[in-house]
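Reviewing the structure listed below.
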There are 2 protein chains.
Amino acid sequence: MRAEIVSVGTEILLGQITDTNAVELGKAFADCGIDHTHRQTVGDNLDRLSAALQLALSRADIVVTIGGLGPTEDDLTRDGIAQALDDPLVHDPTVESHLRAIFEKRRLPWLDSQLRQAQRPACADAIPNPNGTAPGLVCRKNGKTVFAMPGPRGEFVPMLDLHVRPMLARLGGGLVIASRTIKIVGMGESLVEDKLKDLMANADPTVAPYAKTGEVHLRVTTKAPTAQEADEKMRPVELEIRRRLGAVVYGSDSDTLESVVLDLLRAKGQTLATAESCTGGWIGQKLTSVPGSSDAYLGGVVSYSNEAKSRLIGVKQETLQSFGAVSAECAEEMATGVRAALGSTFGVSVTGIAGPGGGTPDKPVGLVYIGVSGPSGSRAHRYSFPGTRESVRLRSTQTALALVRTAALGETGL
Amino acid sequence: MRAEIVSVGTEILLGQITDTNAVELGKAFADCGIDHTHRQTVGDNLDRLSAALQLALSRADIVVTIGGLGPTEDDLTRDGIAQALDDPLVHDPTVESHLRAIFEKRRLPWLDSQLRQAQRPACADAIPNPNGTAPGLVCRKNGKTVFAMPGPRGEFVPMLDLHVRPMLARLGGGLVIASRTIKIVGMGESLVEDKLKDLMANADPTVAPYAKTGEVHLRVTTKAPTAQEADEKMRPVELEIRRRLGAVVYGSDSDTLESVVLDLLRAKGQTLATAESCTGGWIGQKLTSVPGSSDAYLGGVVSYSNEAKSRLIGVKQETLQSFGAVSAECAEEMATGVRAALGSTFGVSVTGIAGPGGGTPDKPVGLVYIGVSGPSGSRAHRYSFPGTRESVRLRSTQTALALVRTAALGETGL
């Protein structure tokens with residue numbers, strides 16, 4: 001079984017957006033054991049699109065288009081597929097009433113241009129799109145399957161996971177490629193590689209590292225007739241990795257540092273409050289991205305200005321004057337202050353110089369203090385993070401979460 | 001003059017790496033006024049590669065390959081180009097001695113496999129690669145130009161800027177394609193298109209919309225001998241767009257909603273404080289991503305729990321009890337409360353149900369109240385946002401920033 005992607009959009013060719021959807025789809029093909037030998041990208045042009053689709057249909061059993069499903073004149077994917085499959089475009093009343101319902105619910109004026117999105121090749125079935133107006137399509141004709149998926153990432157990814165991936169898995173039939181991602185925080189990529197050299201040399205299961213800002217991910221991959229057999233091949237490898245690396249392994253697959261921290265706190269009936277300066281709310285944003293986070297995360301302050309630090313969580317003027325806002329003393333008072341203000345089990349704080357400006361010889365860009373306060377005391381940690389403003393802020397966010405995890409695990413003096 | 005990219009690498013198709021080099025190259029074509037209508041991606045397979053190159057040569061004057069220039073068996077781009085151009089592979093002694101010099105300098109044992117990198121089609125000239133071993137290639141035959149560039153980003157980008165871009169500019173005949181992105185918040189894509197139908201039908205400058213979560217971007221593009229002439233062609237179109245759409249146009253090109261809001265406040269010596277519930281700090285995170293945001297953004301609270309709402313910014317218990325945390329009353333008290341707590345010119349608040357759980361018939365998932373408080377009063381706005389938890393949270397964040405912009409522009413009753 002062979003698949004081919006046709007990405008549609010002039011903005012991709014002009015380099016204005018990066019085609020990350022095709023990356024996700026490529027992974028999905030691999031996971032489903034479907035071969036993937038070509039990818040095409042074409043602009044918003046009907047003739048080129050339908051020619052690209054005909055070429056793809058000539059060499060692949062499954063063709064997936066990405067993008068061009070919107071309501072506007074240059075959303076041509078529906079027309080292109082109809083042309084390439086030589087199948088008439090028909091109007092889908094179910095989709096139309098669904099569209100009208102959305103517009104009513106959102107109190108938006110109805111526009112007949114929306115009706116473009118209710119068109120489909122006669123052989124097509126609509127794929128639900130809970131996150132947007134344009135439905136996806138699955139067209140079956142002459143033994144070929146053509147999927148049409150929307151371009152916006154917030155619509156593409158859920159549609160892939162909920163609807164397209166299961167269909168691909170069925171089409172892939174035979175072998176499944178299974179992989180498991182083991183997630184590490186607090187150990188650099190080269191040290192991880194050094195400890196796992198022999199495992200990374202194995203042919204099956206393969207073990208490959210991926211460095212992410214502030215984290216290292218290890219991807220264990222194998223191929224087997226069933227997902228269960230694949231799991232059985234991967235399990236001993238994962239156990240060995242966890243044995244060698246210990247507590248720096250914080251989770252796997254869909255685990256995130258924030259979800260793991262929240263689970264730990266929830267399990268012990270503990271709570272967390274945040275006081276963020278240079279991260280400006282990023283820690284809170286990550287924690288609250290997890291559904292149900294309110295059980296364990298009470299909230300906190302974005303104490304970006306000194307006023308905010310003193311007025312909201314009672315950081316002392318003397319502290320700010322004698323040590324400055326970027327100091328171990330201030331970080332510790334922020335953590336203790338927000339913990340007291342919200343009555344949480346733990347308080348975590350970040351104050352630093354994210355740059356590009358604001359650095360001095362003794363307090364350079366990248367200098368960050370992270371404070372943790374808990375039942376058995378409080379402590380500030382000093383870091384000097386490399387990179388851009390964004391990378392300093394992200395590393396600070398990740399490290400703060402990692403410190404809360406350690407504290408919640410009861411592994412510090414706290 | 002038309003160009004086409006052929007990206008080479010099974011790891012791209014498997015979704016193990018994102019093809020960001022093709023994005024850079026797409027921008028370079030546009031900058032040089034070279035049309036770019038197709039992109040192909042193929043795995044490390046000689047026949048498929050040479051077929052893809054023949055297809056590209058059949059419709060483009062310039063073909064650029066990315067990747068497959070290394071010393072290993074599956075680095076087949078040199079062979080593929082030779083096959084597609086029907087040009088013999090020859091050995092390049094200059095490249096060989098260059099390679100041997102590198103190995104000596106790095107004190108690495110010489111491997112004859114390296115000699116693959118000294119091969120080139122007879123018609124090719126080598127392009128220097130100061131950051132790696134494999135040189136690039138430029139092949140000229142039958143009026144076509146084929147560039148071969150290395151895949152590693154650290155080698156690709158310098159080679160593009162130093163050597164390939166100047167050659168592309170000459171080939172492009174000095175025409176530049178310039179484009180300008182006009183950014184809109186608070187008006188849907190179809191309504192925007194409805195107001196600009198005639199402009200979007202124009203052949204030059206072209207006007208194309210694309211939707212981002214919570215925003216619509218319009219790309220105006222034209223081609224001219226100089227960047228200045230291109231600007232002169234685009235300016236009237238942009239002015240007309242701004243005239244028709246009015247205040248929903250918040251900026252252009254590198255402007256972001258957060259940078260525009262901060263500039264507005266800074267210009268008037270005004271300040272902002274945030275009280276975030278369901279967005280959990282996202283507004284603060286975006287504002288503080290802008291260097292120098294501290295001039296205008298004082299900070300705020302992540303009042304995720306009711307305790308936080310009452311303890312940090314004095315939301316009344318009665319309000320929480322009689323109307324609930326997700327209510328216009330609570331949103332308004334949050335905005336007023338954080339404004340008072342930090343003494344800022346404006347306070348903005350968000351409280352809502354991001355889902356997936358927590359919805360009720362009268363307060364469904366997606367219901368969000370956004371409060372704005374300023375010198376001339378305060379007000380809460382009610383929204384019902386579609387989509388995932390992330391999309392509800394992002395739309396809330398964008399809308400809150402848009403409301404602050406409107407308030408700072410003095411366009412509301414505030």
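Centre-to-centre, using Cα atoms only, segment B:183-257 and segment A:213-254 are separated by 48 Å.
Which whole-number percent gives the relative contact order of segment A:257-408, counting Cα pairs below 8 Å spaced six or more residues apart?
25 percent
Suppose R0 equals 45 Å. What FRET efficiency, 1/(1 + (r/R0)^6) with r the Cβ-Cβ distance, do B:Lys316 and B:Met167 give to the nearest 0.05?
0.05
Coordinate range of the alpha-carbon atoms in segment B:275-345 per principal axis, descending: 41, 22, 19 Å.
Once you list every other residue whose beta carbon is under 12 Å from the beta carbon of A:Val63, what net charge do they have if Lys and Arg are +1 and Asp and Glu are -1?
My count for the surroundings of A:Val63 gives +4.
Counting protein heavy atoms only, the protein assembly as shown has 52 percent of its accessible area on carbon and sulfur, 1.4 angstrom probe.
Give, as a single signed number, the net charge of other residues whose beta carbon lies under 12 Å from the beta carbon of B:Glu238, with Lys and Arg counted +1 and Asp and Glu -1. Computed value for this residue: +4.
Around the amide H of A:Asp92, modelled in the peptide plane, lie the amide H atoms of A:Gln119, A:Arg120, all under 5 Å away and 5 or more residues distant in sequence or on another chain. Using a cut-off of 15 Å between beta-carbons, work out the net charge of the residues near B:Phe103 (Lys and Arg +1, Asp and Glu -1, B:Phe103 not included). Once positives and negatives cancel, what remains is +2.
Here's how it looks for B:Ile66: its modeled amide H is under 5 Å from those of B:Val6, B:Ser7, B:Val8, B:Met149, which are all 5 or more places away or on a different chain.
Once the Cα atoms are used to define both axes, helix B:389-408 deviates from the longest principal axis of chain B by about 70 degrees. Structure remark: mean-square fluctuation, Gaussian network model of chain A, C-alpha springs under 10 Å; the largest value among A:Lys105, A:Lys141, A:Lys197 belongs to A:Lys105.
The same position B:Thr72 in the other copies lies at 4.1 nm from this copy, comparing label points 7 Å beyond Cα toward the beta-carbon, shortest first. Model label sites at A:Asp86 and A:Thr20, defined 7 Å from Cα along the beta-carbon direction, differ in position by 4.1 nm.
The contact residues of segment A:269-294, meaning those that lose at least 30 Å² of 1.4 Å-probe accessible area when all protein chains sit together rather than their chain alone, are A:Gly280, A:Gln285, A:Thr288, A:Pro291.
Helix-derived [θ] at 222 nm for chain B: sum -39500 (n - 2.57) over DSSP H runs of at least 4, divide by residue count, nearest 500? Each step should come with its number before you reach the end.
On the way: 15 runs with 165 residues, N = 414.
The per-residue figure over chain B is -12000 deg cm²/dmol.
Taking the Cβ-Cβ separation of A:Lys363 and A:Arg59 as r and a Förster radius of 41 Å, what is the calculated FRET efficiency to the nearest 0.05? Calculated value: 0.10. Between B:Pro93, B:Pro109, B:Pro152, the residue with the greatest mean-square fluctuation in the GNM of chain B (Cα pairs under 10 Å linked by springs) is B:Pro109.
With both partners inside the protein assembly as shown, how many of the DSSP beta bridges are antiparallel, as a percent to the nearest 5? Display every interim value, and only then the final one.
On the way: 98 of 152 bridges.
Once the DSSP bridges in the protein assembly as shown are tallied, antiparallel ones form about 65 percent.
With chain A treated as a Gaussian network of Cα nodes joined by springs under 10 Å, which of A:Gly151, A:Gly359, A:Gly67 yields the largest mean-square fluctuation? Most flexible of the set in this elastic network: A:Gly359. Spacing of the modelled spin labels on B:Lys268 and A:Leu46, each 7 Å from Cα toward Cβ, amounts to 4.8 nm. Residues within the reach of a label modelled at A:Ala208 (point 7 angstrom out along Cα to beta-carbon, backbone nitrogen below 11 Å), restricted to segment B:1-42, are B:10-18. The contact residues of segment A:295-335, meaning those that lose at least 40 Å² of 1.4 Å-probe accessible area when all protein chains sit together rather than their chain alone, are A:Leu298, A:Gly300, A:Val302, A:Tyr304, A:Arg311, A:Leu312.
Which whole-number percent is the relative contact order of segment A:1-151 (Cα, under 8 Å, 6+ apart)?
Values: 287 pairs, mean separation 37.1, N = 151.
The value is 25 percent.
Between chain B and chain A, the total buried accessible area stands at approximately 5900 Å², from heavy atoms with a 1.4 Å probe.
Dividing the convex hull volume of the Cα atoms of the protein assembly as shown by its residue count, what figure in Å³ per residue is obtained?
Numbers: hull volume 146.7 nm³, N = 828.
Once divided by residue count, the hull of the protein assembly as shown is 177 Å³.
Straightening the chain between A:Asn142 and A:Glu73 buys 21.9 nm, computed as 0.36 nm per residue apart minus the Cα-Cα spacing. Would you mind estimating how fast segment B:265-384 diffuses translationally, via Stokes-Einstein at 37 °C and 0.692 mPa s with the Kirkwood radius over Cα pairs, in µm²/s? Once the numbers are plugged in, D ends up at 231 µm²/s.
For the Cα atoms of chain A, what angle does the longest principal axis make with the long axis of helix A:227-245, in degrees from 0 to 90, nearest 10? Rounded to the nearest ten degrees, it is 20.
Indicate, rounded to the nearest 5 percent, the antiparallel portion of the DSSP beta bridges found entirely in chain B.
Numbers: 45 of 72 bridges.
Bridges in chain B are about 60 percent antiparallel.
Any idea what diffusion coefficient chain A gets from Stokes-Einstein, in µm²/s, Kirkwood Rh on alpha carbon pairs, 37 °C, 0.692 mPa s? So the translational diffusion coefficient is about 134 µm²/s.
Over the protein assembly as shown, average the accessible area per residue using a 1.4 Å probe and give it in Å², no decimals.
On the way: 31630 Å² over 828 residues.
Ligands and nucleic acids excluded, the figure is 38 Å² per residue.
Label point of B:Arg243 set 7 angstrom out along Cα-Cβ; within segment B:163-196, amide nitrogens under 19 Å from it belong to B:182-183, B:192-196.
The values are calculated or read from the model by the stated rules, or taken from the named source; none is laboratory data. As the structure is a computational prediction, the values presented were derived from the model and not from experiment. Ideal geometry is used to build each Cβ from the backbone, glycine not excepted, and the neighbour counts take in all protein chains shown. Quick note on the areas: whole protein, heavy atoms, side chains included, nothing else; ligands and nucleic acids left out. Shrake-Rupley method; radii C 1.70, N 1.55, O 1.52, S 1.80 Å.
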